[in-house]
Amino acid sequence: SFHIVHTPLQVPKEYEDRFSILRNKHRRKYAAMVQYMDHAVAKMVAAFEAKGMWENTLMILSSDNGGPIYGTPVSPTKPYLKGTFGAANNLPLRGGKISDWEGGVRVNAFVSGGALPLKMRGQMLDDYIHVADWYSTLCDIAGVDPHDKRAEAANLPPIDSMSMWPLISGQIALGKGPRKEIHLSANALISGRYKIVTGVNAEDGILPVKVPAGHMNFDGHFVGWGASCVLNSFKHGRDCSTGCLFDIRADPNEDHELTKKMPEKTKELYVRLQELNKDNFHPDRGAVVDWACDIFMGKYGGFYGPFVDI
């Protein structure tokens, strides 16, 4: 798992110098970080090829969330966030990381390698694939039962993962993938072509301001650097506490809210979301401790370390 395309924005100088045309330093570093990862992937592929392993390899590369577009030059309540800029660009999608807008959840991904059937190479899939689906997909390829018997014995819900190997390998037609729903979070659901969002929890996010429950932060089309991202990072966003509905097939940028035009569909997805939430695994992990972050910045110079009883 790469951590390079992530804050803190750090990259070898020779890579950053290649993007001197980008005047904003945060955007320049971010672009250089992406190229660094690209080169690292190329080295791995070359190593597989040199060992004669590439023809038997299936490589999966997927982001875990949309790009961060927050900007916090100052934070009176969270000093460890001072000078933090996401520096990403999800346009034309709405929003970004730390939100359930498409800019936060619709990500880049591809599969490659000699194990991928020839007829599927170069194909573009528009089917839904959840990041959890890679587990069952790899189990399917390996001939392993993905069923979690220990979780079942502990009365935990069954896995959400679905095998996408029949789709990726071309055994079933494009557009006929098995996933029809994506339970994005306790606050958002995709079902078929429709999507409902119901805001964020009051404690969610790393913004310098608390987002009221039911509001959708990062409600707009903007980038993660410069004045606009700072301004938008301090906004509470749209009130979706009773649900905001979108047709993400026809309107992937979420520019046209359908809540008032389709109240029955909004209600249908809202009820379905609440039903799915009953099986959420959400144990009590304790309260957020901001001073732990203060210690990692002040005592350890930006590195995590022991903080209890300090």
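For Met59, the residues 5 or more places off, or on other chains, whose built amide H falls under 5 Å of its own are Ser112, Gly113. For the chain, with all protein chains in place and a probe radius of 1.4 Å, 56% of the accessible heavy-atom surface sits on carbon or sulfur.
Converting phi to 3J(HN,Hα) with the Karplus coefficients 6.51, -1.76 and 1.60 and the offset θ = phi - 60°, the stretch 100-108 yields 9, 5, 4, x, x, 10, 8, 10, 6 Hz in sequence order, with x at every glycine or proline.
Over the stretch 32-166, what portion of Cα pair distances is larger than 25 Å, expressed as a whole percent?
48 percent
Taking amide H as placed 1.01 Å from N in the peptide plane, Gly214 has its amide H under 5 Å from the amide H of Val200, each at least 5 places away in sequence or on another chain. Across the stretch 87-239, the relative contact order, built from alpha-carbon pairs under 8 Å that are at least six residues apart, equals 26 percent.
Could you pull out every whole DSSP H run in the chain that spans at least 27 Å of Cα extent along its own axis and averages -1.0 or higher on the Kyte-Doolittle scale? Intermediate values should be presented prior to the final figure.
Working: long enough: 25-50 (37 Å, -0.25).
Span-like helices in the chain: 25-50.
For the chain, the Cys residues with no second cysteine's beta carbon closer than 4.7 Å are Cys139, Cys229, Cys293.
Each residue of the stretch 240-245 was assigned a 3J(HN,Hα) from its phi angle through the Karplus expression (A = 6.51, B = -1.76, C = 1.60, θ = phi - 60°), giving 10, 4, 9, x, 10, 9 Hz with x at Gly and Pro.
Highest mean first, how do 86-96, 238-248, 134-144 rank when packing is the count of other Cβ atoms within 10 Å averaged over residues?
On the way: 86-96: 22.5, 238-248: 18.5, 134-144: 15.4.
The peptides rank, most packed first, as 86-96, 238-248, 134-144.
For Tyr70, the amide hydrogen comes within under 5 Å of the amide hydrogens of Gly86, Ala87, counting only partners 5 or more places away or on other chains and with H modelled in the peptide plane.
This model, with +1 at the C-beta of Lys and Arg and -1 at the C-beta of Asp and Glu, gives the chain a dipole about its Cα centre of some 800 debye.
Using +1 on the beta carbon of Lys and Arg, -1 on that of Asp and Glu, and nothing else charged, what's the dipole of the stretch 1-70 about the Cα centre, debye to 20? Show your work: numbers first, answer last.
On the way: 9 positive and 7 negative charges, 85 e Å.
Rounded to the nearest 20 debye, it is 400 debye.
Toward the positive end of the charge dipole of the chain, about the Cα centre and with charges on Cβ (Lys, Arg +1; Asp, Glu -1), which of Val211, Pro166, Pro263 goes farthest? Of the candidates, Val211 comes out farthest on the positive side. Accessible surface for the chain, divided over its residues, is 58 Å² per residue with a 1.4 Å probe. Round to the nearest 0.05 the FRET efficiency obtained for Leu156 and Ser20 when R0 = 51 Å and r is the Cβ-Cβ distance. Using R0 = 51 Å, I get an efficiency of 0.50. Here the simple spin-label model places points 7 Å from the Cα toward Cβ, and for Val45 and Trp291 these points are separated by 5.1 nm.
Rounded to the nearest Hz, the phi-derived 3J(HN,Hα) couplings of the stretch 119-125 under the Karplus curve 6.51 cos²θ - 1.76 cosθ + 1.60 (θ = phi - 60°) are 5, 9, 6, x, 7, 10, 9, where x marks glycine and proline.
So, by mean Cβ neighbours within 10 angstrom, what's the order for 116-125, 179-188 with the highest one leading? Intermediate results must be reported in sequence, preceding the final value.
Values: 116-125: 11.4, 179-188: 18.2.
Descending mean neighbour count gives 179-188, 116-125.
The values are calculated or read from the model by the stated rules, or taken from the named source; none is laboratory data. Everything quoted here is computed from the prediction, not taken from an experiment. Please note: Cβ atoms are built from the backbone with ideal geometry, for glycine as well, and neighbour counts cover all protein chains shown. Note: areas computed on protein heavy atoms with side chains; ligands, DNA, RNA excluded. Shrake-Rupley method; radii C 1.70, N 1.55, O 1.52, S 1.80 Å.
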